Amino acid sequence: MRVIGLAGWSGAGKTTLVTRVLPLLKAQGLQVSVIKHAHHDFDVDVPGKDSWRHREAGAEEVLVSSGRRWALMHELRGAREPRLPELLAKLSAVDLVIVEGYRSDPHRRIEVHRAANAKPLMFPDDPGIVGIVADVTVATTLPTAWLDDIPAVATMLRRSAIGLEDVLALNAAEI
């Protein structure tokens, strides 16, 4: 498994970029998974449904399965949020994992920058950023791609990704 992250301010278009590049990566024959960090309380369950009621009643984990998909929900119940290596270990083996968020975890990231956000670039201060995807020209020696050039973005993601073992080694060095 190879891993690459996307970083950027809220509203930069990270999720939109992932949804646009995924079909191309799949067409190139890659199996791709995504880890997305949510900053606030979120729910993938529907209040009132059985699985929601099980969690609300105190279940540590609820696994819901059907003929089309399965989902595992794990309640932290006050425990610390898992770090990226712990989450990567929970994934099935794929060719590429795209990580959206987890800026504080050491892994390689491509910055997604949108000028309309009026936010500064992160890359001068973030040594984990190894490329930039933007809707403006950025003066840098890092690889760059236009936000709408999906083939170039896919190439950058593939070239910038590093092996899972390398991500785990980076994280172990930080602990």
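Taking the alpha-carbon centroid of each part, what is the distance from region 11-29 to region 99-174 in angstrom? Distance between centres, Cα-based: 14 Å. Mean separation of Cα pairs under 8 Å and 6 or more residues apart, divided by the residue count, gives the chain a relative contact order of 34 percent.
Ranked by the mean number of other Cβ atoms within 10 Å of their residues, highest first, the peptides 73-82, 52-61 fall in the order 52-61, 73-82.
Bridgeable lysines around Lys26 (alpha carbons under 28 Å apart, same-chain partners fewer than 8 residues away excluded): Lys14, Lys36, Lys90. Rounded to whole numbers, the Karplus 3J(HN,Hα) couplings from phi for region 80-91 are 5, 5, x, 7, 3, x, 5, 6, 4, 5, 7, 7 Hz, using 6.51 cos²θ - 1.76 cosθ + 1.60 with θ = phi - 60°, and x at Gly and Pro. The H on the amide N of Val3, modeled in the peptide plane, is under 5 Å from the matching H of Val97, Ile162, Gly163, Leu164, each at least 5 residues off or on a different chain. Hydrodynamic analysis of the chain uses the Kirkwood radius over alpha carbon pairs. Inserted into Stokes-Einstein at 10 °C and 1.306 mPa s, it gives a translational diffusion coefficient of 90 µm²/s.
Taking amide hydrogens as placed 1.01 Å from N in the peptide plane, the amide H of His113 sits under 5 Å from those of Val133, Ala134, Asp135, each at least 5 positions away in sequence or on another chain. Of the residues Gly78, Ala173, Thr141, the one whose Cα sits farthest towards the positive end of the charge dipole of the chain is Thr141 (charges of +1 on Lys and Arg Cβ, -1 on Asp and Glu Cβ, taken about the Cα centre). Note on the chain: with charges restricted to the Cβ of Lys and Arg (+1) and Asp and Glu (-1), its dipole about the Cα centre is near 400 debye. Each DSSP beta bridge with both residues in region 6-158 is either parallel or antiparallel, and the antiparallel ones are about 25%.
Read-outs throughout are calculated quantities, based only on the coordinates presented, and are distinct from any laboratory measurement. Just so it is clear, the model here is predicted, and its values are computed rather than measured. Counting neighbours? That spans all protein chains shown, and the Cβs are built from the backbone with ideal geometry, glycine included.
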